1. Within the range B:184-215, which residues are of a type in the set (Gly, Ala, Ser) and surrounded by 19 or more Cβ atoms within 10 Å (Cβ to Cβ)?
2. Quick check on the range A:29-52. Is at least one of its residues in contact (Cβ under 8 Å) with a residue 24 or more places away in the chain, surrounded by 22 or more Cβ atoms within 10 Å (Cβ to Cβ), assigned to a loop (DSSP other than H, G, I, E, B) and within 14 Å of chain B (Cβ to nearest Cβ)?
3. Please go through (1) more than 17 Å from the chain's Cα centre (by Cα); (2) buried (at least 24 other Cβ atoms within 10 Å of the Cβ); (3) within 30 Å of B:Gly288 (Cβ to Cβ) for A:Gly58 and return the number of the only condition it doesn't satisfy.
4. Just checking, which of A:Ala162, A:Ala194 is assigned to a helix (DSSP H, G or I), exposed (fewer than 12 other Cβ atoms within 10 Å of the Cβ) and away from chain B (no Cβ under 14 Å)?
5. Applying the selection to the range A:56-77, what residues are touching a helix residue (DSSP H, G or I) at 6+ places or on another chain (Cβ under 8 Å) and either among the small types (Gly, Ala, Ser) or at pLDDT below 85 (or both)?
6. Return a yes/no flag: does the range B:229-251 have any residue that is at pLDDT 90 or above, at positive phi and exposed (fewer than 14 other Cβ atoms within 10 Å of the Cβ).
7. Which of the helices (runs of 4 or more DSSP H) contained wholly in the range B:137-233 include at least 2 residues that are of a type in the set (A, V, I, L, M, F, W, C) and in contact (Cβ under 8 Å) with a residue 60 or more places away in the chain?
8. Any residue in the range A:105-127 that is without any contact (Cβ under 8 Å) to a residue 24 or more places away in the chain and more than 10 Å from chain B (Cβ to nearest Cβ)?
Amino acid sequence: METLYAILISPFAQMWDNPEFLLEVIIGGLLSGVLYSLVALGYVLIYKASGVFNYAQGTMVLFAALTFAGCLDLHVPIWLAILITLAVMVGLAFGVERVVLRPLVNQEQIILFMATIGITYFLRGFGQIVWGADIRNLDIGLPKEPMIVSGVLINKFDLVSAVVAGSLVTVLAVFFQKTAVGRALRAVADDHQAALAVGIPLKTIWVIVWTTAGVVALVAGILWGTNLGVQFSIELVALKALPVLILGGFTSVPGAIVGGLIVGAGEKVAEVFWGPALGGAIEDWFAYMLALAFLLIRPQGLFGERIIERV
Amino acid sequence: MLYREAGQFKTSYVADQAIFPILQDRIFIVLILVFAVVGIPALAISAGGEAYWLGTIMLPLLIYALAAIGLNILTGYAGQVSLGTGGFMAVGAFAAYKLATAFPWLNIVAVFLLAGLIAAAVGIMFGFPSLRIKGFYLAVATLASQFFLIWLFNRIPWFTNYAPSGVISAPPRALLSDIFVTGAAARPLFKYYFVLVIVTLLALAAKNLVRGRVGRAWMAIRDMDIAAEIIGIRPLRTKLLAFAISSFYCGIAGALWAHVYTSSVEALAFDIDTSFNILFMIIIGGLGSILGSFLGAAFITLLPLFLENVPPKLGLVIPVNLITNIQQIIFGALIVFFLIAEPRGLARLWQIGKEKLRLWPFPH
């Protein structure tokens, strides 16, 4: 009885009693959801353009953050550090296309997926050899102090990350919709063979897509690193982007954003209000169960294309 | 010259349906079994490394092979990608723990079988989404089982019999009166034989399953579900059966892992890395091959040992923290290399070798 009460009634009573607190939790969750969205965005970009489910995206976030923090530790100015990291991510994109994707062209999706897991291991080991395994603090002068907006406590840093993420998405959207390269990317995403037939160079497109994913990873890595410190748990948190993908759909950029926000807010609310009754740390699985429940209702996600086959 | 089926006539249906229709294959498999039963223990004991060779190398290898067979049934034969293997193994481990402590008089074999059945039931529950989705959506959905189950065993004290630390040692149980096979005090030799027998029997069962009616139904679903449905295979039953049997194997593997190999029941031993490791095994070994499960398990368990032991022999001294990183790099590179060189895995290489052998000494 008591457990049932703690699960079914008292959380809602708490929310009702203290709506400001609920709002705070939701806003905090939404803002951390922005980070999930960013990682999910990286997955979506690559999946759309090459049909590869890139498991290494989480490690790319970590790798970018490690490289960036490592450069800063060597007293490189911030703008140069960003440039260096970008160069590294471009190099990575070329390497992946050359060494992994090109020989594996025309293989089944699961094989490509496994190959990206291989990339994950490689990057993890490589990053640690070059930059060491210590936790690094990343401080690029972003404001961190909390502030109060009409009775609700908000962290300034979270706002900054939301703005950064928002502008990144806008830039990407313009890039996809308005430029020639963006059109080529969408063409490849639609139909590989048709895109090849009209003369779109597939290999270049892949490099561009992986570079874009690398840039997104860098932004996510910097934001995340500033928030939590650059450490290997980033990778595990990046796994949370997978349920985000399910919620939003594997092929939808807005889906990744909305899904990330839903997962971020949902899991914070669940943790704060239901966590104590269930034994705590339900953040670990809440997103996955939410995604699982969601799949049964709408298998293609919120905005995903309806190409999923009926079974 | 040595390996060919010429002259071996099948005169009955039984002979036609044998697992190993060729005499040379039968001889080979018997030799391998003899080596596993007599050769490996003899070598290990004579080298003075019973605890090391049998206890820390052969045990995890065999148990991983069992889990890989389980995942191969689901992913390789039925075509349902799963990343929840670790979760199902944890179910087996904790079910066996609860059963063994609640019914101390129950024979350990019965405990493990029941634990497998419980894991199968849980597997069916998490298999339901497979009726509506497939591919990567399903893979991510199975992650839910991974994270939820591990959380469950970590957080609900009932599963650990209210142990304060969360790490509990496996109860020692004997197979016969005094031949202990579980717990930390049991002799590695007995543990090895116990696991060997279970794995061999279950592998044999799996081999027969996948070449029978059930296995063909799985493969039909894997290759084209709509066509399979049209020729009268029920997707619901077939898929759930695949989830059930796969989880049964994984559950028993998990129970063996916790009770026989590590002798401590803890949920963290079955984290997401375990799931990925086992997925690697079946990809590198070969999807849709029982032999491949063994080859993959051997490859993944022996590779780190190899990387650890070979550089010092060559006179290279590498600091310890560097070794793990280099291992990861080599591991990742090898996975990519293998996928490029032979996407269908070690089992395919084995098959190619046999075909070459059949023609030898002629090239064509």
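1. Taking the range B:184-215 as the starting set, the residues that turn out to be of a type in the set (Gly, Ala, Ser) are B:184-186, B:203, B:205-206, B:212, B:215.
Those that are of a type in the set (Gly, Ala, Ser) and surrounded by 19 or more Cβ atoms within 10 Å (Cβ to Cβ): B:Ala186, B:Ala203, B:Ala206, B:Gly215.
2. Yes: the range A:29-52 contains one or more residues that are in contact (Cβ under 8 Å) with a residue 24 or more places away in the chain, surrounded by 22 or more Cβ atoms within 10 Å (Cβ to Cβ), assigned to a loop (DSSP other than H, G, I, E, B) and within 14 Å of chain B (Cβ to nearest Cβ).
3. (1)
4. Working: A:Ala162 fails: exposed (fewer than 12 other Cβ atoms within 10 Å of the Cβ).
Result: A:Ala194 is the single residue among A:Ala162, A:Ala194 that is assigned to a helix (DSSP H, G or I), exposed (fewer than 12 other Cβ atoms within 10 Å of the Cβ) and away from chain B (no Cβ under 14 Å).
5. Initially, the range A:56-77 is screened for residues touching a helix residue (DSSP H, G or I) at 6+ places or on another chain (Cβ under 8 Å), giving A:56-72, A:76.
Residues satisfying the conditions are A:Ala56, A:Gly58, A:Ala64, A:Ala65, A:Ala69, A:Gly70, A:Val76.
6. Yes - at least one qualifying residue is present in the range B:229-251.
7. On the way: elements: B:188-210, B:213-223, B:225-230.
Filter on the range B:137-233 gives B:188-210, B:213-223.
8. The answer is yes, given that some residue of the range A:105-127 is without any contact (Cβ under 8 Å) to a residue 24 or more places away in the chain and more than 10 Å from chain B (Cβ to nearest Cβ).
The values are calculated or read from the model by the stated rules, or taken from the named source; none is laboratory data. All values reported here derive from a predicted model rather than from experimental measurement. Quick reminder, even Gly has a Cβ in these numbers, built from the backbone with ideal geometry, and neighbours come from all protein chains shown.
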